[in-house]
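Colleague: The structure's right below; bear with me while I get my questions together.
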Amino acid sequence: MAQYIVMPKLGFDMREGVLVNWLREVGDTINKGDIVAEIESDKATLELESPVAGVLLKKLAEAGDVVPIGDNLAVVGKAGEKVEGNGRTAAVSAPQPEQPSPPATETPVAKPAVSGAYPGGVKASPVARRMAQEYAIDLTQLSGSGPDGRIRRADVAAFVEGRRVTAAPPPTPAPVAMAEEVTEVPTSRLRQAIGRRMTESKTTIPHFYVTAEMDVAPLVALRQQINALLPEDGKISLNDMVVKAAALALRDFPNLNASLGEGKVIRHNHINVGSAVAVEGGLLTVVQKDTDKTPLAQIAADNRTMIARARAGKILPADVTDGTFTVSNLGPYDVENFIAIINPPEAAILAVGTARQVAVVVNGEIRVGTRMKATISADHRVTDGAEAARFMQKFKAFLEEPLRLLL
């Protein structure tokens with residue numbers, strides 16, 4: 001029996017998505033988990049995995065269509081099944097017995113990068129298209145390094161760099177009487193979504209904040225020891241250790257791993273810690289699942305993979321859904337301390353600053369120590385200051401006794 005590929009929900013406030021591009025054609029054989037299309041939510045452009053296996057019988061949406069979540073995008077079934085109707089609720093009927101079965105579908109032949117089947121006649125990722133538009137590049141001039149000649153972000157970046165090297169120095173511009181007073185930059189869907197969600201958060205959620213300072217010299221030393229035993233592509237970051245510590249601390253404070261429902265607090269049975277990631281045009285939160293139960297090395301591997309996908313514009317739906325708590329770490333930017341806005345529908349978010357060498361007093365003597373500040377922002381409808389302070393004490397204990405992160 002035929003089944004549908006539908007527009008997934010990629011956030012609690014998502015109502016619709018844009019079908020950017022189909023990557024498979026009618027008649028192609030599809031396995032469960034195959035990437036079949038690219039879709040764009042308010043957050044990002046994502047690769048859509050097929051939840052079913054079979055033959056792609058019919059597309060129910062075309063590139064550029066805005067599709068509500070849950071609506072059908074395509075029909076997948078057995079070769080020979082008939083699809084009736086043109087809507088996104090198309091009916092499917094079994095093949096007529098008197099009709100012979102069609103021959104087995106052959107492996108599709110690789111398509112050239114330039115074709116009328118793609119927007120602008122060029123097969124390219126959405127990120128590559130945005131970069132090309134920004135730098136005024138004609139994509140037909142480029143050769144794609146992706147599957148079937150697909151142009152990727154790296155191809156555009158290489159072209160831009162080559163153009164900079166070979167270009168002659170620009171002539172000195174003639175003086176003008178008056179420069180333009182403003183430059184108008186259209187806001188992206190991602191930036192609009194961030195603005196909408198943060199405005200909602202700050203105007204409807206009563207935030208309060210608790211800051212703690214911790215001695216992270218043992219944490220830094222343990223990380224150095226661990227990384228000395230790991231290959232370059234398997235090393236652990238301080239953020240990975242912070243994420244693990246937060247997850248372990250949340251076990252004792254279920255109100256901070258929760259959401260607010262109608263007259264009730266919804267405590268989540270899984271601790272899925274998200275990490276805020278800066279991307280082109282804004283930020284995304286990638287979510288590591290069952291963080292409290294996951295070994296530190298696996299947390300590092302998961303986050304490294306998801307962050308790479310996010311920055312390459314190749315995020316998967318599973319990467320950005322089902323978060324229950326968020327860590328926002330500005331440590332790499334030499335930030336002493338900051339507060340973060342809660343990411344709805346979560347009840348709290350942890351803002352982490354830089355681990356810094358500072359003067360500290362130990363037993364009446366001034367010494368050099370390594371300290372880090374962190375601030376939890378919490379929803380006062382769900383929790384109170386004393387509970388948030390106890391969470392920070394627990395979190396601090398894990399970072400100051402970091403071997404507990406490995407148990």
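The values are calculated or read from the model by the stated rules, or taken from the named source; none is laboratory data. Keep in mind that what you see is a predicted model, and the values were worked out from it rather than measured. Note: ideal-geometry Cβ built from the backbone for every residue, glycine included; neighbour counts use all protein chains shown. What goes into the accessible areas is simple: the full protein's heavy atoms, side chains included, and nothing from ligands, DNA or RNA. Shrake-Rupley method; radii C 1.70, N 1.55, O 1.52, S 1.80 Å.
Colleague: Please find, among 334, 292, 322, the residue that is closer than 30 Å to residue 128 by Cβ and modelled with pLDDT of 90 or more. It would help to see each step written out before you state the result.
Modeller: Details: 334 fails: closer than 30 Å to residue 128 by Cβ; 292 fails: closer than 30 Å to residue 128 by Cβ.
After ruling out the rest, the residue left standing is 322.
Colleague: Return the pair list, or none, for Cβ contacts closer than 6 Å from residues in segment 226-251 that are free of Cβ contacts under 8 Å to residues at least 60 places away in the same chain to residues that are open to solvent by 30 Å² or more (accessible area, probe 1.4 Å), at least 6 apart or on different chains.
Modeller: Listed by first residue and then by second, the contacts come to 227/235.
Colleague: Which count do you get for residues in segment 280-295 that are open to solvent by 20 Å² or more (accessible area, probe 1.4 Å) and closer than 17 Å to residue 340 by Cα?
Modeller: Number of matching residues: 2.
Colleague: Within segment 340-363, work out how many residues are of a type in the set (D, E, K, R) and in contact (Cβ under 8 Å) with a residue 60 or more places away in the chain. Write out each step before concluding.
Modeller: Step one: list which residues in segment 340-363 are of a type in the set (D, E, K, R), which gives 346, 356.
Still in the running and in contact (Cβ under 8 Å) with a residue 60 or more places away in the chain: 346.
Residues flagged as of a type in the set (D, E, K, R) and in contact (Cβ under 8 Å) with a residue 60 or more places away in the chain within segment 340-363 amount to 1.
Colleague: Return the total of residues in segment 204-234 being of a type outside the set (A, V, I, L, M), more than 28 Å from residue 381 (Cβ to Cβ), assigned to a helix (DSSP H, G or I) and open to solvent by 40 Å² or more (accessible area, probe 1.4 Å).
Modeller: Number of matching residues: 6.
Colleague: A further question on this structure: Just checking, how many residues over segment 337-363 are modelled with pLDDT under 95 and of a type in the set (Ser, Thr, Tyr)?
Modeller: The qualifying residues number 0.
Colleague: Another question, then. Hey, any hits in segment 46-63 for a residue that's at pLDDT 85 or above and within 24 Å of residue 140 (Cα to Cα)?
Modeller: The answer is yes, given that some residue of segment 46-63 is at pLDDT 85 or above and within 24 Å of residue 140 (Cα to Cα).
Colleague: Sort out for me the strands (runs of 3 or more DSSP E) sitting completely within segment 297-407 that have 1 or more residues that are surrounded by 17 or more Cβ atoms within 10 Å (Cβ to Cβ).
Modeller: In segment 297-407, the matching strands (runs of 3 or more DSSP E) lie at 325-329, 348-352, 365-379.
Colleague: For segment 27-36, check the following and say yes or no: at least one residue is of a type in the set (S, T, N, Q), touching a Ser or Thr at 6+ places or on another chain (Cβ under 7 Å) and open to solvent by 10 Å² or more (accessible area, probe 1.4 Å). Step through it out loud before you land on a result.
Modeller: In the first step, residues of segment 27-36 are kept if they are of a type in the set (S, T, N, Q); the result is 29, 31.
Filter once more, so that each one left must be touching a Ser or Thr at 6+ places or on another chain (Cβ under 7 Å): 29.
Cutting the leftovers down to open to solvent by 10 Å² or more (accessible area, probe 1.4 Å) gives us 29.
Scanning segment 27-36, I find at least one residue that is of a type in the set (S, T, N, Q), touching a Ser or Thr at 6+ places or on another chain (Cβ under 7 Å) and open to solvent by 10 Å² or more (accessible area, probe 1.4 Å), so the answer is yes.
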